[in-house]
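Structure, as structure tokens:
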Amino acid sequence: MLLRKISAHLCACFFIVQMSVATAADVVIGVPNWPSVQATAHVLKVAMEKKLGLTVELQNGSNDTVIKAIDAGSMHVHPEVWLPNLVHLKRQFVDGKKTIRMNPNSVDGTQAMCVTKGTAERTGIKDLSELRNPEMASQFDSNGDGKGDIWIGAEGWGSTTIERIRARSYGYDQTMSLMVMEENEALDMVDGAVNDNKNVVFFCYTPHHMFATHDLVKLNEPPHDATQWTIVQPSPTPGWLEKSRAAVAWDTAKLHINYAASLETEQPDAAAMLSKVALDNEMLTKMTYALVVEKQDPAVYAEKWVEENQAAVDTWFQ
């Protein structure tokens, strides 16, 4: 009787394991925390499921988490790797270990610091370097502590680390409080400032819907100069901030889909598709507007997008 119970228990366990394996996703897409990457992730999911009949799972994670999970084999896709923001990860996993492939097609992006038009008119600010002036900085003091406030990005963004470096390089880290918060909170802050005619300065980038919803002014900076752009990552190098400098404008960003090299043998059709996906700035801007401003469900929106852009999607599978 005992042996029969043990045997039955083992069979049940084996059945559960088999079911777990059978229902495991063919492709796992990592999803960081900004709108365009979330939209692209859902579009890729729908396209692979409809065209290839694969089971595709979405998992949230920071840039670092997703890239390292792809290297380890527990994820397969990062839908939007920004360069130069994550060039250190590209060097390690795409160029070095070669465990990750990078789609050669890219979307151009921009990164800067912006104010609203009303802010520019009230304060007279034109150049980013003006924020190191305590009198100018005080006009951006939102909590009465005597220092201005500036949103430099969200936790886990490659750009957030670089904006810390830029603040120190320009000198406004001494006059401004560097705020790190999720993008939806930051955009609520911008909305509130516009409604209340208050001054606000914040990290801005394209592709993004923020330029469609507000009249924004990019603060002037010296043009990008690679010789003046030294970025040392926070870990494991001690004194990384002091060893870095970036008191010039960002270079043009390049946004690439990255995917696991292992897909070339495990899911070759998916790998081939991921190597051919081509999007553009206008597409991504419209996607972010639909998800954030119109508050469309990303899964429903992706279904509709793939259907309405069938000709473009078909080229990914040729």
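Just so it is clear, none of the values below were taken in a lab; they were calculated from the coordinates. All figures in this text were calculated on a predicted structure; none of them were measured in a lab. Ideal geometry is used to build each Cβ from the backbone, glycine not excepted, and the neighbour counts take in all protein chains shown.
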Separation of alpha-carbon centers, the range 98-130 and the range 203-275, rounded to whole Å: 11 Å
Note, ³J(HN,Hα) from phi for the range 40-46, Karplus 6.51, -1.76, 1.60, rounded to Hz, x at Gly and Pro: 4, 4, 5, 5, 4, 4, 4
Within the range 257-318, trypsin sites (Lys or Arg not before Pro) in DSSP loop having at most 10 other beta-carbon neighbours inside 10 Å: LYS295
Table column - 3J(HN,Hα) (Hz), the range 293-302, Karplus curve with 6.51, -1.76, 1.60, x for Gly and Pro: 7, 7, 6, 6, 5, x, 5, 5, 4, 4
The chain: antiparallel DSSP beta bridges as a percent of all, rounded to 5: 60 percent
Prolate/oblate/rounded label for the range 146-218 (Cα gyration tensor, a/c 1.5): oblate
Amide H partners (placed H, <5 Å) of ALA253, local residues excluded: GLY109, THR110, GLN111
Range in the chain, longest, excluding exposed GluC sites (Glu not before Pro) [loop by DSSP; at most 13 other beta-carbon atoms within 10 Å]: 1-154
222 nm mean residue ellipticity, helices alone, for the chain (DSSP H n ≥ 4; -39,500 (n - 2.57); rounded to 500): -12000 deg cm²/dmol
Calculated from backbone phi, Karplus (6.51, -1.76, 1.60) coupling profile of the range 308-318 in Hz, x at Gly/Pro: 7, 10, 4, 4, 5, 5, 4, 5, 6, 10, 8
Of all DSSP beta bridges in the range 109-246, antiparallel share, percent nearest 5: 60 percent
